[in-house]
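A short worksheet on the structure shown next.
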Amino acid sequence: MKHPIPLIVPAILVASPAAAHLPPGEYGSFMAGVTHPLFGLDHVLAMIAVGLWAAQIGGRALWQVPTAFVAAMIAGFILALAGLPLPFVEPMILVSIMVLGMVVALALRPAPWVAVTAVAMFALFHGHAHGGELGSAQAMQFGAGFALATAGLHAVGLIVALLFARALHAGSGAVLRAMGGATTLIGIFLAIG
């Protein structure tokens, strides 16, 4: 196979959602923070979709959109650690998968500030979920780990989008849109499943 990129989507789809959630006593390490977002299908889909969308928008959005997500996710994490409730955390995470997949599928290219605001809103819920599951663990180590892993997943989305753009030229838009559509469908499946 000349281009291994089509193997990325099936590899992402075989990630086990249950593996992302460690028993409370196992939280706290940097590696627990790194692995947490990497083994949950909900996290992987949303984070990669952010990278894909940033690449579709282009320009400053390439760094502004993923950076806004990570920053707002850390803010949500801190809110949870402080004991401040945030309603509908899990439903909003599922909504984020569907919406982020849809904006990629539709190839929406709003002004960067609109995309930054949208991803920041969703990221707040993702971060709150991480902080809410943390328990008595070492928050700084865990938080640094999941922030780094999240940024890495955003980078995967950016790289995939940019590689498709180079490898497939004009056809890359359709492939990315199909990936966004698949993300939305998986989000719907997770919501009803």
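We did not get these values from a lab; they are worked out from the coordinates using the rules stated. Computed from a predicted structure; not experimentally measured.
For the pair SER29 and TRP113, the difference between a 0.36 nm per residue extended length and the Cα-Cα distance amounts to 26.8 nm.
Taking the alpha carbon gyration tensor of segment 45-93, multiplying each eigenvalue by 5 and rooting it gives semi-axes of 25, 13, 6 Å, largest first. Geometric descriptor of segment 71-193, per residue, is 109 Å³ (volume of the convex hull of the Cα atoms).
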